[in-house]
Amino acid sequence: MSETITTITQLIVKSLYLFIPAIVANSMPVFVKKVNFLNYPIDFGKEYKGKRIFGDHKTFRGFFFGILGAILIILLQQYLAKYPFFAELTLVDFSKVNALLFGFLIGLGVLTGDAVKSFFKRRADIAPGKSWIPFDQLDLIIGGLIFISSVYLPPLKVIIFAFIVGPLLHIGFNLLGYYLGIKKNKL
């Protein structure tokens, strides 16, 4: 029984460690929303069938800082992988995976997944910032996994874990952001 608990605990911790760059990429646009650098919508204000393609909330600034955040976290994880404690946490073999490329891809994937979801939210007449469960919780996982799959594919059990626990963590982080005054909506 304790061996099973240990195995499950290791899966949880390693999976969370793998997805820290995705979480950072997804969170960065919120933290830099007052920065004017690259504060232009990625859809350039254009519409598709009478509705904004993505909306004002999807900006080049968000993409830039989200990708940068993911890259920096991956580079930190690569550096820390030299130490036994962190080497045990790391699922990615950085001797076979280019960390800079991996960070770029996971950041770009997360933010692209979010933008694609926003496109469909606009079509469904859901206002920016309003919750759209379960899509708000799955877009970063799907986008991140699709984009990194060209350089690294996590074990199936990690992918399954991400789809089960990822939405719960997303809701938890949104609640935390709401209570810290960073986000306007709870979910």
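Apart from one condition, Ser149 fits all of (1) closer than 20 Å to Phe94 by Cβ; (2) buried (at least 20 other Cβ atoms within 10 Å of the Cβ); (3) of a type outside the set (A, V, I, L, M, F, W, C); the exception is (2). Of the residues Leu11, Leu111, the single one that is under 13 Å from the mean Cα position of the chain (by Cα) and not small (Gly, Ala, Ser) is Leu111. Say whether the condition of being without any contact (Cβ under 8 Å) to a residue 24 or more places away in the chain, in a helix (DSSP H, G or I) and of a type in the set (Lys, Arg) is met by at least one residue in segment 106-120. Yes, that holds for at least one residue.
Going residue by residue through segment 77-87, is there one that turns out to be closer than 23 Å to Ile171 by Cβ and either modelled with pLDDT of 95 or more or among the acidic types (Asp, Glu) (or both)? Taking every residue of segment 77-87 in turn, none turns out to be closer than 23 Å to Ile171 by Cβ and either modelled with pLDDT of 95 or more or among the acidic types (Asp, Glu) (or both). For segment 74-87, filtered to residues that are surrounded by fewer than 20 Cβ atoms within 10 Å (Cβ to Cβ) and touching a residue at least 12 places away in the same chain (Cβ under 8 Å), the residue that is farthest from Asp56 (Cα to Cα) is Ala81.
Apart from one condition, Ile126 fits all of (1) within 18 Å of Phe19 (Cβ to Cβ); (2) modelled with pLDDT under 90; (3) not polar (S, T, N, Q); the exception is (1). Scanning segment 118-137 for residues that are under 21 Å from Phe64 (Cα atoms) and either of a type in the set (A, V, I, L, M) or crowded, with 20+ Cβ neighbours inside 10 Å (or both) returns Ser118, Asp136. Of all residues in segment 102-117 being aliphatic (A, V, I, L, M) and under 20 Å from Pro167 (Cβ atoms), which is surrounded by the fewest Cβ atoms within 10 Å (Cβ to Cβ)? Out of the qualifying residues, it is Val116. None of Phe161, Phe147 is within 13 Å of the chain's Cα centre (by Cα) and part of a helix (DSSP H, G or I) except Phe147.
The values are calculated or read from the model by the stated rules, or taken from the named source; none is laboratory data. Computed from a prediction, not measured in an experiment: that's the story for all the values here. Note that each Cβ is placed from the backbone with ideal geometry, even for glycine, and that neighbours are counted across all protein chains shown.
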